[in-house]
Amino acid sequence: MTQTEKLVNRLPNDVGGLPADAIQRVDHELEPWEKRCHALADVLDFHKLINTEEKRCGVEALGAEMVAKLSYYERWIVAFANILFHKGILTPTELALKMKEVESRSSEG
Amino acid sequence: MTHQHEGDDHDHDHAHPHAEIGEGRPGYYDIMETAVRELLIEKKLIGADEIRRQIEVLDSRSPALGAKVVARAWTDPAFRARLLANGRAACEELGISFYDDTQLIVIENTDKVHNLIVCTLCSCYPRPVLGLPPDWYKAKPYRARAVVEPRAVLAEFGTIIPDDVEVRVHDSTAMVRYLVLPRRPAGTEHFSEEELAALVTRDTMIGVVPATVDITGAAP
């Protein structure tokens, strides 16, 4: 297979069967925001806004570099934002303004 | 070969490098989550209280629920048959609700077959009965290797499967999740259902280790 054929045949998430390192039996308690992010995923699914398949596709669409560099729930929240933009539910400007507001609120405290 | 025993397998958290941003100040992704959630609430697409309530649901799920299911299957052959026929319905019988839209297939370990679950594409997992998956289940090494060299993966968990026992790997999907029904350890004939449940850990139900009597030291 050529280099580009390999890219076509395997999306970033499709790792089954690839060579990989020894398993490190790591785990961590979720940060509060990570748990909220997980709950948000479930609630988005309940309301048929984003289902599990769409979420996975949204993570794949981040591309190999982001998939590799962002942590698990970082990938999720960025994918959610992108999917919501794509569906016309949110706009990038709206999100940017809201993030600014949330940030200023937390720095006041 | 380096051996990993119980004490020394808690490596630092590579999957989580961004936690230490500032003291108490929320990070970029934390802020993004809050912003997305608040916008959806403002647009009345989700309810104001729904995230909090779903966090309560998530917190109510742990491997103890799966352990209860396994212990019941070990002691009640009719329940075991129902569980293997329809995992979700049998769990619901024990009061375990499925908050997501998934089906559950319970696969039984025997002296001929050892089962292992994985999600090669992401991190699908029987969350209603086990809670959230551990980080290693979501990380590339386990997902990549479990489907091609399950015996080597199992050996890294200290589990050696004899050559005459078939290893079956079950790759989960968004809609279909798996749970391993481990073998009941020998010498537990007089154990109560509760004592049996104490032998059933998360990892036994993922299929990476067998259930054994010596994990708790509580064997009567």
*Filter result for the condition that a residue is at the interface with another protein chain (Cβ under 7 Å from one of its Cβ atoms) and either among the aromatic types (Phe, Trp, Tyr) or within 20 Å of B:ALA139 (Cβ to Cβ) (or both), over A:LEU18, A:LEU62*: A:LEU18
_Can you go through A:LEU62, A:LEU84, A:LEU7, A:LEU11 and tell me which one is surrounded by 19 or more Cβ atoms within 10 Å (Cβ to Cβ) and under 30 Å from B:GLU149 (Cα atoms)?_
A:LEU62
*Could you tell me whether A:GLY88 is more than 7 Å from every other protein chain (Cβ to nearest Cβ) and outside any helix (DSSP H, G or I)?*
yes
*Of all residues in region B:90-104, count the ones that are in contact (Cβ under 8 Å) with a residue 60 or more places away in the chain and either in a loop (DSSP other than H, G, I, E, B) or crowded, with 18+ Cβ neighbours inside 10 Å (or both).*
3
*Does B:ARG88 count as within 24 Å of B:ALA211 (Cα to Cα) and of a type in the set (D, E, K, R)?*
yes
*asked:* Being among the charged types (D, E, K, R) and surrounded by 20 or more Cβ atoms within 10 Å (Cβ to Cβ) is the filter here; which residues of region A:87-109 pass it?
replied: A:LYS98
*Which one of these does B:ARG61 not meet: (1) in a helix (DSSP H, G or I); (2) over 25 Å from A:ALA81 (Cα atoms)?*
(1)
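Throughout, read-outs are computed from the coordinates displayed, never taken from laboratory work. Since the model is a prediction, treat every value here as computed from it, not as a measurement. Neighbour counts are summed over all protein chains in view; Cβ atoms, including those assigned to glycine, are modelled from backbone coordinates with ideal geometry.
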